[in-house]
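*Asks:* My questions will all concern the structure given below.
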Amino acid sequence: MSRAIALIDGNSFYCSCERVFDPKLAGVPVIVLSNNDGCAVARTAEAKALGIKMGEPWFKIRDLCKREGVRAFSSNYTLYGDMSARANAVYRDFSPAVEIYSIDESFLDLSDVREDRRVELARDLRATVRAWTGIPTCVGIGPTKTLAKLANHIAKTIPDLGGVCDLSDEDERAAWLCRIHVGEVWGIGRASLAKLEAMGVDSIADLRDLDPRPVRKAMTVVGERIIYELRGVCCLPLELMPAQRKGCAVTRSFSSRIEDRATMEQAVSAHATRMGEKLRRGGLGTTHVSVFYHTSEHDRGDPMRSVSTTVTLPEATNDTLALIKAAREGVSRTWREAPGDRPWRYSKAGVITTDLKLLEESQRALIGQLDRERSAPLMAAMDECNRRFGRGAVVPARAGLEKKRTWSTKFEMRSPRYTTQVSELPTAHAIP
Amino acid sequence: MKVRQIVELCAEGDSTVRVPILGPALCAGFPSPADDFLEGSLELPRWLAPNPPATFAWNISGDSMRDAGIFDRDLAVVDRSLKAAHRSVVVAAIDGQMSIKRFLVDGNVARLSFENPDLPAFAVEETGEAEIWGVVRFSIRWHIARAGLVR
């Protein structure tokens, strides 16, 4: 039986999540904004038709949105993450192997399904996801990930296909590949596109028929792999076990500018707290914490400053208190009072690690050993409290209470967390 | 405080599932932006909610379903994998508003109806203007309003 991979993704996923719980959004243009309500990161077809571009800054489109009745939302990642988990639970009913590629895209292995039954199965999958979660999707099928991704693009652009496109058949595939521009291929960025156009490549079929070896010189092994994948030779298997994390970053833009040291210390401590939670979830530890903070390039005329430093820990740890100590040390090393009367106005800070290892397997320090025996139960108790009573129920004092943080990322137009918070459940009216 | 009550209602253990199942939500390709925002999900035992990905909880506001035993401020648990049949209680979008109604099928005609004798009989919508969101599997009443904690 031939190999078949399907790529399923949610249509305007974030916007569709909003629509599931608010019937007033049906048929209305909807957009979702990035952190701090910066720019549009998801748009419904109606919003695209108004000319709103991906990544367009909110301040530029605010007037248009008001005029045209576009409903704009802050990112509600809690809701999107939950709806994504639900959709993937449905996918797992249809395929033994599911790779969650991103929050709204998953690859499914359909090799066990008879070739003439795959489209039928994909239609059934779409209908089930729509019924159970309310999310509309499209499915692309092909012998490789690259072709599945392309098939998904075709399913999205040609409404007559009913949301499913199968490129398993070689003749049919060849016909499509002649008609689509090479820029639509997964992994072909702007730089590669320029190189390919210089080589006279226009359609995807042109790229497929190139000699892979010279392409490897111009576009590395990635370009070569794309050619084989377009020929139906699978080079990218499904990644069913997410690779072990090598690094972890917690970075945030502030909702307002930070000028004083105490607030900066609180911000990096809060980021370090978050980092500790993430590391403990994977049983990972780190021996280095990098701390950075900088002013905004948008604040023209203001004094600029950008610093970063790396603090070494005596041994690998995921103890929030040790990470906070390191993060504060990072600020203490780099903090300067402004020489003139105009302070630096910082817009963003973050903590980053790049050397994660499994804590159990990490070497213990000879000198300055951290007390793991005491810290582990304390951290476990803190995590359990936050799981049971909601995020931020217990925080180290250094990080400040979530509600009192003046610099937290803004989500001013966020919808309720309909599916995870008892206090924010949607309401059904029993009113005549 | 309400959160705590829910936790106490269900025994922790093998019989407890989370709604939804938040499996290892790690993405192989792009790191999920939701990674920082995952929260404890609402938990329901499997025998009450056999299909977690399709199960959602709703607050009820109003008394038009009184005779169905559903009252103001109750909680309705909706299973979107169930198909509405004659006499199902459903959550439906009617004229841009989410409502809870009794679904009635009479020959070829489907209707959404109140269940409150105080309301006029003509207060019934044709399903032509409505879309069923999901079927109510069960509802929950809070009886603890005036109960204190025994110590």
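The values are calculated or read from the model by the stated rules, or taken from the named source; none is laboratory data. What you see is a predicted model, and the numbers here were worked out from it, not measured in a lab. Positions of Cβ are backbone-derived with ideal geometry, glycine not excepted, and every protein chain shown enters the neighbour counts. What goes into the accessible areas is simple: the full protein's heavy atoms, side chains included, and nothing from ligands, DNA or RNA. Shrake-Rupley method; radii C 1.70, N 1.55, O 1.52, S 1.80 Å.
Here's the yes/no breakdown for (1) without any contact (Cβ under 8 Å) to a residue 60 or more places away in the chain; (2) open to solvent by less than 40 Å² (accessible area, probe 1.4 Å); (3) on the phi < 0 side of the Ramachandran plot:
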| position | (1), (2), (3) |
| --- | --- |
| A:Met275 | no, yes, yes |
| A:Arg281 | yes, no, yes |
| A:Phe292 | no, yes, yes |
| A:Ser296 | yes, yes, yes |
| A:Val307 | yes, yes, yes |
| A:Thr310 | yes, no, yes |
| A:Ala316 | yes, yes, yes |
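*Asks:* Has region A:154-173 got any residue that is free of Cβ contacts under 8 Å to residues at least 12 places away in the same chain, part of a helix (DSSP H, G or I) and more than 30 Å from B:Ala54 (Cα to Cα)? Full working, then the answer.
*Replies:* Our first condition is that a residue be free of Cβ contacts under 8 Å to residues at least 12 places away in the same chain; within region A:154-173, this holds for A:157-161, A:169, A:171-172.
In the following step, the residues that additionally are part of a helix (DSSP H, G or I) were identified as A:157, A:159-161, A:171-172.
This time we only want the ones that are more than 30 Å from B:Ala54 (Cα to Cα), so: A:171-172.
Within region A:154-173, one or more residues are free of Cβ contacts under 8 Å to residues at least 12 places away in the same chain, part of a helix (DSSP H, G or I) and more than 30 Å from B:Ala54 (Cα to Cα).
*Asks:* I would also like to ask the following. Looking for whichever is open to solvent by 40 Å² or more (accessible area, probe 1.4 Å) and more than 24 Å from the chain's Cα centre (by Cα) here; the options are A:Lys48, A:Lys53, A:Lys24. Which one fits? Spell out the reasoning first.
*Replies:* Values: A:Lys48 fails: more than 24 Å from the chain's Cα centre (by Cα); A:Lys53 fails: more than 24 Å from the chain's Cα centre (by Cα).
Just a single option satisfies the conditions, and that option is A:Lys24.
*Asks:* Residue by residue through region A:384-399, note down the ones that are within 14 Å of chain B (Cβ to nearest Cβ) and either open to solvent by less than 50 Å² (accessible area, probe 1.4 Å) or among the hydrophobic types (A, V, I, L, M, F, W, C) (or both). Explain how you work it out, then say what you get.
*Replies:* Filtering region A:384-399 for residues within 14 Å of chain B (Cβ to nearest Cβ) gives A:384-394.
Hits for region A:384-399 are A:Cys385, A:Asn386, A:Phe389, A:Gly390, A:Gly392, A:Ala393, A:Val394.
*Asks:* Of the conditions (1) open to solvent by less than 40 Å² (accessible area, probe 1.4 Å); (2) assigned to a strand (DSSP E or B); (3) in contact with a helix residue (DSSP H, G or I) (Cβ under 8 Å, 6 or more places away or on another chain), A:Glu99 fails just one. Which one is it?
*Replies:* For A:Glu99, the exception is condition (3).
*Asks:* When you go through (1) part of a loop (DSSP other than H, G, I, E, B); (2) modelled with pLDDT of 95 or more one by one for A:Met1, which number turns out not to apply?
*Replies:* Here A:Met1 clears every test but (2).
*Asks:* Could you go through region A:61-75 and let me know if any residue there is open to solvent by less than 10 Å² (accessible area, probe 1.4 Å), within 30 Å of A:Ala243 (Cα to Cα) and within 19 Å of the chain's Cα centre (by Cα). Lay out the reasoning, then the answer.
*Replies:* Step one: list which residues in region A:61-75 are open to solvent by less than 10 Å² (accessible area, probe 1.4 Å), which gives A:61, A:65, A:74-75.
This time we only want the ones that are within 30 Å of A:Ala243 (Cα to Cα), so: A:75.
Imposing the further condition that a residue be within 19 Å of the chain's Cα centre (by Cα) reduces the set to A:75.
Within region A:61-75, one or more residues are open to solvent by less than 10 Å² (accessible area, probe 1.4 Å), within 30 Å of A:Ala243 (Cα to Cα) and within 19 Å of the chain's Cα centre (by Cα).
*Asks:* Right, something else. I'm checking my understanding of the structure. Among residues of region B:80-94 that are outside any loop (DSSP other than H, G, I, E, B) and more than 9 Å from chain A (Cβ to nearest Cβ), which one is most open to solvent (accessible area, probe 1.4 Å)?
*Replies:* Initially, region B:80-94 is screened for residues outside any loop (DSSP other than H, G, I, E, B), giving B:89-94.
Next, from what is left, pick out any that are more than 9 Å from chain A (Cβ to nearest Cβ): B:89-90.
Details: B:Val89: 21, B:Val90: 0 Å².
Among those residues, the one meeting the criterion is B:Val89.
*Asks:* Continuing with the same structure: Looking at A:Arg328, A:Arg372, which one is closer than 26 Å to A:Ser308 by Cα and away from every other protein chain (no Cβ under 14 Å)?
*Replies:* Numbers: A:Arg372 fails: closer than 26 Å to A:Ser308 by Cα.
Being closer than 26 Å to A:Ser308 by Cα and away from every other protein chain (no Cβ under 14 Å) holds for just one of A:Arg328, A:Arg372, which is A:Arg328.
*Asks:* So which residues in region B:41-66 are in contact (Cβ under 8 Å) with a residue 40 or more places away in the chain, surrounded by fewer than 22 Cβ atoms within 10 Å (Cβ to Cβ) and closer than 24 Å to B:Leu104 by Cβ?
*Replies:* B:Asp63, B:Arg66
*Asks:* Another question about this same structure. Answer yes or no: is there a residue in region A:410-417 that is in contact with a helix residue (DSSP H, G or I) (Cβ under 8 Å, 6 or more places away or on another chain), part of a helix (DSSP H, G or I), more than 10 Å from every other protein chain (Cβ to nearest Cβ) and buried (at least 16 other Cβ atoms within 10 Å of the Cβ).
*Replies:* Here is the first cut: in region A:410-417, the residues in contact with a helix residue (DSSP H, G or I) (Cβ under 8 Å, 6 or more places away or on another chain) are A:410-413, A:415-417.
Of the ones still in play, those that are also part of a helix (DSSP H, G or I) are none.
Scanning region A:410-417 turns up no residue that is in contact with a helix residue (DSSP H, G or I) (Cβ under 8 Å, 6 or more places away or on another chain), part of a helix (DSSP H, G or I), more than 10 Å from every other protein chain (Cβ to nearest Cβ) and buried (at least 16 other Cβ atoms within 10 Å of the Cβ).
*Asks:* Among (1) under 30 Å from A:Pro343 (Cβ atoms); (2) loosely packed, with under 15 Cβ neighbours inside 10 Å; (3) in contact (Cβ under 8 Å) with a residue 24 or more places away in the chain, there is one condition A:Gln244 misses while meeting the rest; what is its number?
*Replies:* (1)
*Asks:* Given the residues A:Lys48, A:Lys53, which is the only one that is under 24 Å from A:Pro159 (Cα atoms), outside any loop (DSSP other than H, G, I, E, B) and not polar (S, T, N, Q)?
*Replies:* On the way: A:Lys53 fails: outside any loop (DSSP other than H, G, I, E, B).
Only one candidate qualifies: A:Lys48.
*Asks:* Restricting attention to region A:353-371, and to residues there that are more than 18 Å from A:Thr312 (Cβ to Cβ) and touching a residue at least 24 places away in the same chain (Cβ under 8 Å), which single residue is most open to solvent (accessible area, probe 1.4 Å)?
*Replies:* Ranking the candidates gives A:Glu360 first.
*Asks:* Quickly run through region B:95-114 and pick out the residues that are facing chain A (nearest Cβ under 8 Å) and open to solvent by less than 30 Å² (accessible area, probe 1.4 Å).
*Replies:* Of all residues in region B:95-114, those facing chain A (nearest Cβ under 8 Å) come to B:96-100, B:114.
Listed by number, the residues that qualify are B:Gly96, B:Met98, B:Ser99, B:Ile100, B:Phe114.
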